[in-house]
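The next block holds one structure in the form of structure tokens; read it before the comments.
The values are calculated or read from the model by the stated rules, or taken from the named source; none is laboratory data. All values derive from a computational prediction rather than experimental measurement. A quick note on method: Cβ atoms are made from the backbone with ideal geometry, for glycine too, and the neighbour counts reach across all protein chains shown.
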Amino acid sequence: MSFIEVLRLAIDSMRSHKLRSFLTLLGIIFGVATVVVVVSLIEGFNAYVDEKIANIGTNAFSVQKFSIDDFASVESLNSARRRNKDVRIDDLYALREKGGFIADAAGKAGTIADVKLGSEELLNVRVNATTPNVAQIENIEAASGRYFLEIEEEKRKFVTFIGSEVAEKLFPVEDPIGKFIKIDNRQFRVIGVGEELGSTFGQSRDMYVSMPLTTFLSLYGMRRSISISVVSTGPETYDDAIEEARTLMRVRRKLEPSEKDNFGIVTPSAINELRDNIFGTIQVAAIGVTSISLVVGGIVVMNIMLVTVTERRKEIGLRKSVGARQMDIVKQFLVESTLLALIGGSIGVLIAYSIAAIIALATPIPTSLPIVWVTVALLASSSVGLISGVYPAWRAARLDPIEALRSE
């Protein structure tokens with residue numbers, strides 16, 4: 001018996017028992033939809049971390065007061081607070097001048113401030129203080145105007161590069177370039193507006209004002225820890241640049257070989273490793289628990305197929321009496337169970353995709369559904385149908401044709 005004929009018989013059987021086929025599909029639909037929604041949330045979160053949190057810059061890493069390991073527990077963080085020294089602007093200059101495997105270094109700091117234009121006031125706006133080369137390292141793009149110049153950094157100029165949301169709220173109908181705003185009651189000239197960045201878990205990334213790092217330190221205090229973005233000369237020298245930066249910082253702090261670093265070096269891989277350590281077990285458990293519903297769906301398919309075998313004893317007996325082999329009967333029922341599960345899996349994926357899209361639109365929770373997981377879901381559902389149909393198909397193939405024809 002050809003596969004096309006077997007497939008046609010399976011489709012005819014499903015059409016003749018529409019309600020039962022639909023009820024059988026429900027278990028698979030629910031199981032696949034549940035698993036895929038959970039996976040889309042996990043994948044969305046992972047992609048979000050990779051793109052917007054762990055993306056420090058191309059071939060870049062960060063030198064700062066605390067390392068990722070310092071946040072492992074309250075005790076380690078308290079110990080790091082006592083041990084670690086502030087990272088200062090002198091450290092930035094030393095790293096920038098080091099050369100070797102280090103191509104460049106940029107400084108960053110920040111605080112919260114009130115921003116005002118006339119009677120319009122924005123409270124608790126994020127202040128980003130950076131050196132001009134941060135724009136190249138972190139790919140900061142201007143929607144209009146420009147970022148800081150080296151001369152503005154050197155002269156501690158009162159200039160600012162503002163986020164698109166700040167520009168929209170303070171300058172709804174006019175071009176902000178060249179206009180003056182007040183940051184904590186100090187007047188700054190707007191030189192550029194950043195491209196729209198969107199939000200992070202519901203928090204706008206466009207509500208910020210930036211100023212030169214030297215200007216910031218002169219206003220808010222030189223005795224303040226900064227973070228330093230360091231760039232290697234290329235991907236192949238990335239690890240060497242990290243070791244070079246670590247050695248320089250240890251030498252500057254006069255640390256003995258046996259002493260632990262009293263500063264932190266943060267890389268994208270370290271952020272991802274922390275994410276995996278925190279959420280890895282949760283992810284495995286979540287997928288495992290939701291997969292139970294898919295197993296339940298497989299059990300439903302098996303039960304329905306067993307009922308189908310009982311109801312179609314006469315049909316099976318008739319087919320065997322006219323020459324159908326046991327393998328033909330097995331193929332017929334296996335294809336039917338697999339087709340049922342595959343259709344249910346496809347519907348489940350569509351439902352899960354719709355739910356994930358609604359979640360992404362209605363909430364700040366990111367979702368992502370890579371094509372590889374769609375393929376895995378369909379393969380899993382069809383495999384469940386195939387496995388669930390093995391025993392019913394074997395039962396059907398083992399029926400004695402004479403006894404089967406006698407059944408009512």
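This table checks each residue for (1) modelled with pLDDT under 95; (2) over 26 Å from the mean Cα position of the chain (by Cα).
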site: ASP175; (1), (2): yes, yes
site: GLY192; (1), (2): no, yes
site: GLY202; (1), (2): yes, no
site: VAL209; (1), (2): no, yes
site: SER229; (1), (2): yes, no
site: THR233; (1), (2): yes, yes
site: TYR238; (1), (2): yes, no
site: ALA241; (1), (2): yes, yes
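For (1) assigned by TED's automatic domain parsing to the domain that holds GLY298; (2) at pLDDT 75 or above; (3) surrounded by fewer than 19 Cβ atoms within 10 Å (Cβ to Cβ), each residue gets a yes or a no:
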site: LEU340; (1), (2), (3): yes, yes, no
site: LEU350; (1), (2), (3): yes, yes, yes
site: ILE358; (1), (2), (3): yes, yes, yes
site: TYR391; (1), (2), (3): yes, no, yes
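Would a scan of the range 94-111 turn up a residue that is among the polar types (S, T, N, Q) and over 28 Å from the mean Cα position of the chain (by Cα)?
Among the residues of the range 94-111, not one is among the polar types (S, T, N, Q) and over 28 Å from the mean Cα position of the chain (by Cα), which makes the answer no.
Residue-wise test of (1) surrounded by 19 or more Cβ atoms within 10 Å (Cβ to Cβ); (2) under 19 Å from LEU219 (Cα atoms); (3) among the aromatic types (Phe, Trp, Tyr).
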position	(1), (2), (3)
ASN124	no, yes, no
ALA129	yes, yes, no
GLN136	no, no, no
PHE148	yes, yes, yes
ILE151	no, yes, no
VAL166	yes, no, no
LYS169	no, no, no
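How about the range 344-371: which of its residues are of a type outside the set (Gly, Ala, Ser) and over 27 Å from ILE299 (Cβ atoms)?
ILE358, ILE359, LEU361, THR363, PRO364, ILE365, PRO366, THR367, PRO370, ILE371
Given (1) in a helix (DSSP H, G or I); (2) within 12 Å of SER210 (Cβ to Cβ), where does VAL115 come up short, assuming only one miss?
Exception for VAL115: condition (1).
Say whether the condition of being in a helix (DSSP H, G or I) and within 23 Å of VAL251 (Cβ to Cβ) is met by at least one residue in the range 98-112.
yes
Looking only at helices (runs of 4 or more DSSP H) that lie completely in the range 125-192, which have at least 3 residues being more than 19 Å from ILE226 (Cβ to Cβ)?
Output list reads 164-170.
With the condition kept exactly as written, say whether any residue in the range 83-92 is loosely packed, with under 13 Cβ neighbours inside 10 Å and over 24 Å from GLU153 (Cβ atoms).
no
Do you know which residues across the range 224-239 are of a type outside the set (Ser, Thr, Tyr) and in a helix (DSSP H, G or I)?
Listed by number, the residues that qualify are PRO235, GLU236, ASP239.
Working carefully through the options LYS98, LYS108, find the one that is charged (D, E, K, R), surrounded by fewer than 18 Cβ atoms within 10 Å (Cβ to Cβ), touching a Leu at 6+ places or on another chain (Cβ under 8 Å) and in contact (Cβ under 8 Å) with a residue 24 or more places away in the chain.
LYS98
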